[in-house]
Amino acid sequence: MKHISTFFEEHSPVIDNVQWEIEKGVMVEFDVMRLDLLHPQISGNKWYKIKYQLQDAMKKGAQSVLSFGGAYSNHLHALAYAGFLSGIKTIGIIRGEQVQNQTLVDCHSWGMEIHFVDRKRYRKKTEDGFLHAIHQMFPESYLIPEGGGGELGIKGCQEILFNIGNNYNHIFCSVGTGTTLAGLIRSVPREVIVHGMVVLKNGSYLQDEICNWVSTDNWQLHHNYHFNGFAKISPALIQFMQEFQMKTGIELDRVYTAKMMFGILDLITSKKLDSTKRILAIHTGGLQGNRSLQTV
Ligand SMILES: *Cc1c(COP(=O)(O)O)cnc(C)c1O
């Protein structure tokens with residue numbers, strides 16, 4: 001645990017500048033914080049989300065750490081590696097039928113114990129009955145909520161911007177559970193606006209949830225860039241990812257960051273976002289999931 005913490009204390013994220021021609025002869029520019037480059041295995045925002053939960057698990061003397069996710073979960077992938085380095089056993093509860101893919105092969109090779117749970121039961125995962133059953137099966141295990149959320153997850157994400165939050169007028173990130181967004185909101189001065197690109201189709205509940213986690217109103221959710229739902233892709237999205245990588249050298253992931261980046265450029269093009277302001281997009285990683293792109 002100590003040496004991963006030290007790694008993250010000693011490395012600060014690279015900030016790249018992106019220039020993009022929104023129409024012929026009209027260039028705009030903004031910065032990208034490359035959390036995707038921060039650590040070779042623990043992708044993007046996930047370290048920030050799990051670090052205090054891992055610490056808490058160890059402090060409480062848990063025998064293992066258990067969490068939930070899909071078969072391509074960036075969260076479980078990061079947790080498996082962090083557990084491997086910290087010498088704490090990890091258990092991953094995977095939604096859906098038994099499958100095999102590179103994400104799960106990695107998780108397994110880092111010692112994660114993997115269990116598949118069918119979707120109907122999985123949907124009840126936050127319900128007491130299901131959690132109770134899990135607790136009975138793994139009584140010594142420390143539970144991390146799906147996606148690494150919760151108060152300790154938010155606390156970790158408050159460290160993403162260190163001291164750079166006041167260099168920008170607008171800061172963007174993509175939103176799954178909203179944990180990362182909540183951490184960013186808490187850590188910036190009030191005059192900075194934090195934008196969340198929601199990647200779920202029915203993400204309207206997030207507005208109230210995030211309200212409960214933060215005490216200021218300098219933030220905004222965007223619901224128009226989910227491309228028909230979580231992890232859904234379209235030819236236009238894939239084409240955009242390829243074009244973005246070709247022109248900027250930055251690889252995006254199809255679930256989160258491609259949709260965020262598409263949204264930022266769309267807001268600028270449609271003049272809903274003033275590109276003369278200082279804009280920062282957080283690249284939250286997720287590239288390990290791209291290894292499945294050939295098979296979808
Ligand atoms: C998990 C993840 C997110 C979403 O983070 P939340 O805190 O759940 O909103 C965004 N981007 C990437 C690449 C992720 O893996």
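The values are calculated or read from the model by the stated rules, or taken from the named source; none is laboratory data. Keep in mind the model is a prediction, meaning the values are calculated, not measured. All Cβ positions, glycine included, derive from the backbone under ideal geometry; neighbour counts span all protein chains shown. Only protein heavy atoms, including side chains, enter the accessible area calculation; ligands, DNA and RNA are left aside. Shrake-Rupley method; radii C 1.70, N 1.55, O 1.52, S 1.80 Å.
Ordering of 241-254, 48-61 by packing is 48-61, 241-254, highest average first (other Cβ atoms within 10 Å, averaged per residue).
Counting alpha carbon pairs within less than 8 Å and at least 6 residues apart, what relative contact order, in whole percent, applies to region 34-115?
Working: 108 pairs, mean separation 23.1, N = 82.
Relative contact order, region 34-115: 28 percent.
The order of Ser109, Ser67, Ser270 by accessible area, most exposed first and with a 1.4 Å probe, is Ser109, Ser270, Ser67. Translational diffusion coefficient of region 130-256 (Stokes-Einstein, Kirkwood radius from Cα pairs, 20 °C, 1.002 mPa s): 131 µm²/s. Rolling a 1.4 Å probe over the protein heavy atoms leaves Arg121 with an accessible area of roughly 120 Å². Sites listed here are GluC sites (Glu not before Pro) in region 107-171 whose DSSP assignment is loop and whose Cβ has at most 11 other Cβ atoms within 10 Å: Glu127, Glu140.
From largest accessible area down, sort Val26, Val65; use a 1.4 Å probe on the protein chains.
If we order Val26, Val65 from most to least accessible, we get Val26, Val65.
Note on the chain: Cα convex hull, mean projected area over all directions, 15.1 nm².
Helix check for the chain. Which DSSP H runs span at least 15 Å along their own axis by Cα, with a mean Kyte-Doolittle hydropathy no less than 0.5?
Numbers: long enough: 46-59 (20 Å, -1.26); 74-86 (18 Å, 0.55); 235-248 (19 Å, -0.05); 257-269 (18 Å, 1.22).
Qualifying helices, which must be both long enough and hydrophobic enough, are 74-86, 257-269.
Counting only protein heavy atoms and a probe of 1.4 Å, the accessible surface of the chain is 49% carbon and sulfur. Pairs of Cα atoms nearer than 8 Å and 6+ residues apart set the relative contact order; for the chain it is 20 percent. Taken per residue, the accessible surface of the chain reaches 47 Å², heavy atoms only and a 1.4 Å probe.
Kindly give Rg over Rh for region 110-177, based on alpha-carbon atoms, with the Kirkwood expression for the hydrodynamic radius.
On the way: Rg = 17.0 Å, Rh = 15.3 Å.
Dividing the radius of gyration by the Kirkwood radius yields 1.11.
Is region 1-116 best put as rounded, prolate or oblate by its Cα gyration tensor, with a ≥ b ≥ c the root eigenvalues, rounded for a/c under 1.5, and otherwise prolate when a/b is larger than b/c, oblate when not?
On the way: a/c = 3.13, a/b = 1.65, b/c = 1.90.
Oblate is the answer for region 1-116, as a/c is 1.5 or above yet b/c matches or exceeds a/b.
Of the GluC sites (Glu not before Pro) found in region 1-62, not one falls in a DSSP loop while having at most 14 other beta-carbon atoms within 10 Å.
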